[in-house]
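One structure below.
The values are calculated or read from the model by the stated rules, or taken from the named source; none is laboratory data. Please read all numbers here as calculations on a predicted model, not as lab measurements. In this analysis, Cβ positions are derived from the backbone assuming ideal geometry, glycine residues included, and neighbour counts consider all displayed protein chains.
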Amino acid sequence: MSVDVISLGEMLVEVMRKEIDKPLDKPADFIGPFPSGAPAIFIDAAARIGCSTGFIGVVGDDDFGKCLLDRFKRDKIDSTHVQVRDDRTTAVAFVMYNSDGSRKFLYHIPRAAAGELNPDMIDSEYIKSAKFLHLMGSVLSTNEDCRTACYKAMKLMKEGGGKVTFDPNLRPELLGIDKVREICQPVLEICDVVMPSGEEARMLAGTEGSDDDACHALLAKGASIVALKRGEKGSVIYTKDEKIVVPSFKVTEIDPTGAGDCFDAGFIYGMLEGWELEKTARFANAIGALGTTKKGPMEGAPTLEEALEFMKKD
């Protein structure tokens, strides 16, 4: 089976504090599990707006794995290349929210099923038949096998004439900034689109200057487009020839987890449709905004009809 958009990496469930300001080291109520994992959130959001999608990853042969696979089946994501392992449990993230909007995560990923992604799972024909491969920095950071799988997939995608997009989704607290730059460098040299936050752009560019300086530095590394995500301030799109400032949509934020992944999905949808960059970014802003409106990282992702109706009202 061939699809237009492929991603790979961690599939996990998220279990979150029911109330804010409840630290993870004290007894308190949780809610969940919610299907999650940055690349999984992305691929689900892309599927819900109508992209033909597929995923490469690993879950455990358990109820949490079933939770994820059921969501993929519901939203028509090709899971042919998702392995179910009976010797590993499905990855889990525990999350607490603070009243100032910050979050704290406790992850069980590298030694769980998600950490078993490896280069042997990358099917050459499957990758080459797609139009887009979307990579995440969180996958690069998991372990050497996950990283090598990403590198193999991106080379095959370029050999097949497709495009590689990259959301840095950086975890410098796990590896350190220097190591993060090192493992991202091969992707930055080959990818077509980078979708960072301002902080991520500056980290990857190795500059303490402005977001403008950092994004132009990322273009110099090889990308054709840098789509800078600025949350409630919208986005800014950079190419070698232009800079496009695109305002945000106002929503009542319930859960910000996955908003950037939803933005990525909207941006790739616009590229598949051949839209101009400003229209593409506006649509991506809408998908990202709607992604924050329900509790659970995948729950707010809209259908195409819901997104278009929402944009009419703005």
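Between a residue in the stretch 91-107 that is within 20 Å of Gly65 (Cβ to Cβ) and any residue that is of a type in the set (Ser, Thr, Tyr) and part of a strand (DSSP E or B), which pairs come within a Cβ distance under 6 Å, given they are 6 or more apart or on different chains?
Within 6 Å, the pairs are Ala93/Tyr107.
Against the condition under 22 Å from Pro256 (Cβ atoms), buried (at least 18 other Cβ atoms within 10 Å of the Cβ), polar (S, T, N, Q) and modelled with pLDDT under 95, how does Ser235 come out, does it pass?
Answer is no for this residue.
Take the residues in the stretch 5-23 that are over 21 Å from Asn169 (Cβ atoms) and not charged (D, E, K, R); name whichever of them is surrounded by the fewest Cβ atoms within 10 Å (Cβ to Cβ).
Pro23
Determine if the stretch 1-15 includes at least one residue that is within 25 Å of Lys131 (Cα to Cα), modelled with pLDDT under 95 and either hydrophobic (A, V, I, L, M, F, W, C) or not in a loop (DSSP other than H, G, I, E, B) (or both). Outline the logic, then answer.
Our first condition is that a residue be within 25 Å of Lys131 (Cα to Cα); within the stretch 1-15, this holds for 1-11.
When the remaining residues are screened for being modelled with pLDDT under 95, the result is 1-2.
Filter again for either hydrophobic (A, V, I, L, M, F, W, C) or not in a loop (DSSP other than H, G, I, E, B) (or both), leaving 1.
Yes, that holds for at least one residue.
Taking Val226 and the conditions (1) in contact (Cβ under 8 Å) with a residue 40 or more places away in the chain; (2) closer than 21 Å to Ala38 by Cα, which numbered condition does it fall short on, given that it satisfies the others?
Checking Val226 against (1) in contact (Cβ under 8 Å) with a residue 40 or more places away in the chain; (2) closer than 21 Å to Ala38 by Cα, the one that fails is (1).
Counting only residues that are of a type in the set (D, E, K, R) and outside any helix (DSSP H, G or I), which one in the stretch 281-314 is modelled with the lowest pLDDT?
Asp314
How do the pairs read when you match residues in the stretch 17-32 that are under 11 Å from Tyr97 (Cβ atoms) with residues anywhere that are among the polar types (S, T, N, Q), using Cβ under 6 Å and keeping only pairs 6 or more apart or on different chains?
Hits for this filter: Ile20/Ser99; Asp21/Asn98; Asp21/Ser99.
Looking only at the stretch 43-82, filter to residues that are among the aromatic types (Phe, Trp, Tyr) and under 14 Å from Val3 (Cβ atoms); which one of those is surrounded by the fewest Cβ atoms within 10 Å (Cβ to Cβ)?
Checking each candidate, the answer is Phe72.
I need the helices (runs of 4 or more DSSP H) fully contained in the stretch 114-218, keeping only those with at least 2 residues that are surrounded by fewer than 18 Cβ atoms within 10 Å (Cβ to Cβ).
Correct list: 124-128, 144-159, 172-175, 177-190.
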